[in-house]
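The structure appears below as structure tokens.
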Amino acid sequence: MTKEHFRRIAANEVLVDNSLMRQCVVELIDDRVVNYYCFKEELPMTEWLGGTIVLERDSNGILRYRG
């Protein structure tokens, strides 16, 4: 049994389902996206990546980050 790894990342842009969002946070468990949203203030324990984060759906329709 493996322990799941939670991670919160942020970037200037997030591309998801052909939609571009600006100043966004993406919350992950392993590489699976569990939440994403725009923000106005920086959040604690957030890894700033800058640039553009691309989120893609796998063959089961699950949103994933492959960074």
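Please tell me if Arg8 is under 10 Å from the mean Cα position of the chain (by Cα) and not small (Gly, Ala, Ser). Yes; evaluated as a whole, the condition is true for this residue. Please determine whether any residue of region 3-23 is of a type in the set (Asp, Glu), surrounded by 10 or more Cβ atoms within 10 Å (Cβ to Cβ), in contact with a Cys (Cβ under 8 Å, 6 or more places away or on another chain) and not in a loop (DSSP other than H, G, I, E, B). So far as region 3-23 goes, yes, one or more of its residues are of a type in the set (Asp, Glu), surrounded by 10 or more Cβ atoms within 10 Å (Cβ to Cβ), in contact with a Cys (Cβ under 8 Å, 6 or more places away or on another chain) and not in a loop (DSSP other than H, G, I, E, B). Considering only region 35-51, I want to know if a residue exists there that is among the β-branched types (Val, Ile, Thr) and either in a strand (DSSP E or B) or in contact with a Gly (Cβ under 8 Å, 6 or more places away or on another chain) (or both). No: zero hits. Sub-7 Å Cβ pairs linking a first residue in region 39-60 that is under 16 Å from Val14 (Cα atoms) to a second residue that is loosely packed, with under 10 Cβ neighbours inside 10 Å and among the charged types (D, E, K, R), at least 6 apart or interchain, are Glu56/Arg66, ordered by first then second residue.
FYI, it's all coordinate maths here, none of it is from the lab. Keep in mind it's a predicted model, so treat the numbers as computed, not measured. No Cβ is skipped: glycine too gets one built from the backbone with ideal geometry, and neighbour counts run over all protein chains shown.
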